[in-house]
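Structure first, commentary second.
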Amino acid sequence: MHDSTFLQTIEPKQVHKRQRRRTRFQAFWVTLLVFVLIWIVVFCLALGQVVAKTLNGKEALQRAEGLVSSMQLEQAKAELLQAKQAFADAGDGLVLVKTVGVVPYVRTQVTHLERLLTSGIDIVDSLTSLLSLGEDLVRLSGLNDTYFKSLTEGISGSVSFNDLPIETKQVILRRLHASAEELELMTTRIRVSREELMFARQDLGFESMLGFLDKVSQQLEDAEGELQTLTTLARVLPEFAGLGVEKSHLILLLNNDELRPGGGFIGTYGLMNVQDAEIRSLRTKDVYALDQPSEGLVNVPAPEPMQKYNATPVLYMRDANWSPDFAVSSVSVINQFLREAENLPENKRTEVPWSSHIDGVIGFTPEFISGLLSITGPLTVAGQEFNAQTIAQTIEFQVEKGFEQQGIAYDQRKEILSDLVSALTARLFTLPFSQWNQVFEVTHDAFVHKQLFLYSSSNSAEEVITRVGWGGRVEPGATDVQLVVDANLASLKTDPEVKRSITYQISKNSTGQYLGRTTIRYQHEGSFDWRTTRYRTYTRLYLPKGTRFIRGQGMLENDKTLNPELRPGTVDVSEELEMSVFGAFISIEPGRVGELSFDYELAPSVVQAIQSGTYNLEVLKQNGARNYALTLGLDFDKKVSNASPAEERGSWGNDRYDVSTLLDQDKKFQVNL
């Protein structure tokens with residue numbers, strides 16, 4: 001039994017216990033709060049360091065860019081090292097920032113930022129290696145600070161390729177050749193880093209801090225393309241420039257006003273002997289000067305369409321580029337050149353360029369010459385001005401009409417082309433280095449638009465040329481392919497007056513077969529004159545192997561002078577270049593329109609691609625051809641989910657893929673069903 005003081009004696013003890021617990025609880029939260037506040041301060045400082053160091057790296061990169069522009073390569077390397085250190089310091093600051101990794105959004109942002117900084121370091125390493133190569137090449141070239149200072153002050157530097165001693169050219173070629181693997185590695189690293197940077201840029205939300213990456217990404221994309229070109233030059237240039245040994249190359253002036261499968265009619269050829277980037281000799285000549293002495297002495301049959309529609313039973317060098325694959329045509333041209341060189345009479349061997357072996361072939365159309373003239377400016381040769389706008393017409397008039405007015409003998413009428421090539425080469429080699437980037441741009445565009453082609457008898461060099469698309473090869477990488485190839489046969493120089501358009505259609509018939517139709521429309525806008533006549537072409541359509549021919553329309557047995565009744569011709573079905581080929585003849589009168597169409601059953605591989613839901617198409621442009629309108633009307637009988645290039649928005653959501661574009665280069669199309 002408790003007395004009256006019971007409650008009074010126990011209550012203070014309980015109160016004290018509660019007070020102690022409350023004190024400990026408060027102390028815990030105060031400590032935790034202080035820790036969090038300290039952590040927040042340190043976190044903010046760390047995040048600030050990351051931001052500051054990243055911006056420092058950005059500024060160092062921008063300074064390096066300016067220094068490279070003025071060719072201050074050593075100082076640019078120092079700035080790159082600063083940029084690398086700044087990005088590395090920013091990465092160190094992320095160690096603390098990562099402690100908030102339990103927060104999903106922050107964890108994702110930190111991961112992307114870490115990838116961004118890693119990509120930045122990789123890019124800086126690649127650029128530093130590239131600058132080291134640049135320093136070597138500049139040092140070897142002997143170009144001094146005065147020259148580069150003159151460039152930055154707006155004065156065109158006077159040092160040109162011709163000013164470099166032959167020993168210097170040789171050393172530069174060797175250094176460039178030795179750097180091929182290094183350049184390829186740098187290209188790959190920049191591509192991977194650029195992709196990482198792009199993904200990180202898309203996911204990060206720090207717009208104000210990282211907005212500069214848009215410009216950096218574009219600059220890296222440009223650098224990647226230039227590095228790819230430089231890598232190719234490092235592998236190919238020593239072979240064509242004759243590093244350590246003299247090389248002989250055939251030069252083919254391909255007249256695409258008289259379009260042939262290999263780029264154009266070989267009206268003029270040349271022989272260039274080069275060693276260590278020094279042109280030992282360069283001579284050009286009318287191809288007939290080599291062909292005519294071989295009449296009756298060569299017996300290689302011409303392709304059957306040439307025999308039938310061009311009255312040419314025997315193959316000569318001028319007609320040897322019958323294949324649309326430039327490498328295949330080059331081998332044929334080389335073989336024919338060597339046969340005819342063997343038959344060349346002794347009294348002609350000093351007049352006609354010839355050789356007992358050929359190491360490579362360089363083919364180009366007047367479009368490429370026009371591009372070069374846009375850099376050098378007009379050239380006056382033998383009193384005749386040649387400029388970028390009218391080069392093709394001027395050449396044609398000179399060799400067809402102008403020579404008579406000047407009292408030049410018929411067999412010497414193309415000598416002016418030799419003089420033009422020599423004058424253009426001399427002008428290019430005296431261009432200051434400040435203008436050579438323009439030469440590279442024109443050259444690159446000519447490769448892309450199929451107006452310039454290379455072939456090398458060296459397997460390793462030819463492999464590189466093919467891989468980068470400089471060889472005019474027919475090696476489609478898509479499941480479905482379309483290639484229309486025209487051969488102007490006895491039509492003078494009519495091609496510029498004929499507008500072409502190509503239409504490719506796919507449909508599914510009632511029995512479930514997928515059918516294709518290709519239609520080539522020829523609109524002759526010229527008239528009969530000294531260079532233009534009715535357009536006579538033997539047209540070949542190259543399709544995937546296994547395509548089954550059904551019917552053709554529009555083909556003729558011959559033109560109206562030899563076929564007044566306009567009897568329809570036949571379609572030749574064959575295989576070439578591992579592809580199915582349909583060929584037919586058509587003739588179009590001036591002022592008229594002609595259409596040639598081929599109907600066929602799609603190859604099993606193409607049908608399988610459609611059924612699997614992933615269809616890809618490559619439409620190849622003929623070597624030397626002008627730009628054609630291209631229309632695709634592909635009905636897959638399956639809904640199109642997405643495509644690249646995309647259709648017009650109004651055409652979305654059905655079973656068709658409808659696109660109209662310009663075939664100015666090889667085009668690729670991807671459709672997902």
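Only the coordinates and a few stated rules stand behind these numbers; no lab work does. Predicted, not measured: the structure shown is a model, and the values here were computed from it. Don't worry about glycine lacking a Cβ; one is built from the backbone with ideal geometry, like all the others, and counts go over all protein chains shown.
Evaluate 2.2 N^0.38 Å with N set to the residue count of region 260-347, then give the Cα radius of gyration divided by it. Don't jump to the answer; show the numbers that get you there.
Details: Rg = 13.9 Å, N = 88, 2.2 N^0.38 = 12.1 Å.
Dividing the Cα Rg of region 260-347 by 2.2 N^0.38 Å gives 1.15.
Sorted from fewest to most neighbouring beta carbons within 10 Å, what does the list ILE251, ILE395, ILE166 look like? Walk me through the numbers on the way to the answer.
Working: ILE251 19, ILE395 24, ILE166 11.
Sorted ascending by nearby Cβ count, the order is ILE166, ILE251, ILE395.
Taking a ≥ b ≥ c as the square roots of the eigenvalues of the alpha carbon gyration tensor, region 408-455 is oblate, as a/c is not under 1.5 and a/b does not beat b/c. For the peptides 300-311, 230-241, the ranking by packing is 230-241, 300-311, with the highest mean count of neighbouring Cβ atoms within 10 Å listed first.
Computed over the Cα atoms, what is the radius of gyration of region 287-422 divided by 2.2 N^0.38 Å, N being its residue count?
Output field value: 1.18.
Shape index of region 480-672: Rg/Rh, with Rg the Cα radius of gyration and Rh the Kirkwood radius from the inverse mean 1/r over Cα pairs, equals 0.99.
Rg to Rh for region 489-575: what is it, with Cα atoms only and Rh by Kirkwood? Please list the in-between numbers first.
Working: Rg = 15.9 Å, Rh = 15.4 Å.
Result for region 489-575 is an Rg/Rh of 1.03.
For ARG175 and ARG551 in the same chain, what is the full-extension length gain: residue separation times 0.36 nm, less their Cα-Cα distance, in nm?
Working: separation 376, 0.36 × 376 = 135.36 nm, distance 5.76 nm.
Result for the pair: 129.6 nm of gain on full extension.
Panel note: the C-alpha atoms of region 438-590, placed on their principal axes, show extents of 53, 52, 26 Å (largest first). Computed over the alpha-carbon atoms, region 382-491 gives an Rg to Rh ratio of 1.05, Rh here being the Kirkwood radius from the mean inverse distance.
Give the relative contact order (percent, whole number) for region 507-628; include only Cα pairs under 8 Å separated by 6+ residues. Mind dumping the intermediate values first?
On the way: 221 pairs, mean separation 41.9, N = 122.
Relative contact order here is 34 percent.
Pairs of Lys residues in region 480-672, spaced 8 or more positions apart or belonging to different chains, with C-alpha separations under 21 angstrom: 15 in total.
Once R0 is set to 25 Å, what does the formula 1/(1 + (r/R0)^6) return for the Cβ-Cβ distance between ASN642 and SER507, expressed as a FRET efficiency to the nearest 0.05?
Numbers: r = 21 Å, r/R0 = 0.85.
For R0 = 25 Å, the calculated efficiency reads 0.75.
Cβ neighbours within 10 Å, averaged per peptide: list 407-414, 465-472 in order, most packed at the top. Let's see the in-between values first.
On the way: 407-414: 13.2, 465-472: 20.8.
Per-residue mean Cβ counts within 10 Å order the peptides as 465-472, 407-414.
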